[in-house]
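What follows is a short report on a single structure.
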Amino acid sequence: MGSSIKIKLRLRPLMRPIVRWFMFYFYDTYCTIGSSGDLHIGRKVAAANTIFNLSSGSIYIGDYTIFGQNVMILTGRHNFINGCRAGLKEIIAGPSWGGGAEEVPETGYDIKIGTGCWVASGSIVIGGVTIGDNVIVAAGSVVTKNIPNNSIVAGVPAKIIGDTRHGVSQ
């Protein structure tokens, strides 16, 4: 056996816990942005690398719901007045990058996701929607409207393509 293989075999037991920790940290954790709302996560929810934006409302996640990689749950909104961002004048005139409460509402765009859902990788859920229980959101979908229980949705914007009790419709 070559010396490089012997070194790999000796290092493997030492490196596995370190690599697992990095994988957990980067892939099995979620990130919250904004502080206007609250994040309510049910029991046994898997939120792998999910972004929860709480800028314009709270987010409620039911029990046993799972999220794929790179899912975004976004309550944040920007108000426009007369075709321009509401806080744009203050941003141009001052040191701030954000438009304050006039531009970004602090409430009114809550997101509710039911129990037993699967929100697949790369999906986006926009503020102000409710997703029912036992719903599948297909990978890459953008949810902009309420989704009833037991639905399978896909697309941009997401549309119902099936039922979790009967499968995908043709």
For segment 46-51, in residue order, the Karplus 3J(HN,Hα) values (coefficients 6.51, -1.76, 1.60; θ = phi - 60°; whole Hz; Gly and Pro = x) are 9, 10, 6, 6, 9, 9
Go through segment 73-87 residue by residue and turn each phi into a ³J(HN,Hα) via Karplus (6.51, -1.76, 1.60, θ = phi - 60°); whole Hz please, and just put x for glycine and proline. 10, 10, 7, x, 10, 10, 7, 10, 10, 6, x, 10, 4, 4, x
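Using unit Cβ charges (K, R positive; D, E negative) and no other charged atoms, how large, in debye to the nearest 20, is the dipole of segment 58-144 about its Cα centre?
Value, rounded to 20: 200 debye.
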Count the net charge of all other residues whose Cβ sits under 15 Å from the Cβ of N79, scoring Lys and Arg as +1 and Asp and Glu as -1. -1
Amide H contacts of G128 (H built 1.01 Å from N, under 5 Å, at least 5 apart or other chain): D110, I111
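In debye to the nearest 20, how big a dipole does the chain give about its Cα centre with +1 on each Lys and Arg Cβ and -1 on each Asp and Glu Cβ?
1060 debye
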Could you work out how far helix 3-27 tilts from the main Cα principal axis of the chain, as a 0 to 90 degree angle to the nearest 10? 20 degrees
Packing-wise, with mean Cβ within 10 Å as the measure, how do 55-66, 102-113, 39-50, 80-91 rank, highest first? 55-66, 102-113, 39-50, 80-91
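Each reported figure results from applying straightforward, stated rules to the coordinates on display, with no laboratory input. Not measured: the values here are computed from a predicted model. In this analysis, Cβ positions are derived from the backbone assuming ideal geometry, glycine residues included, and neighbour counts consider all displayed protein chains.
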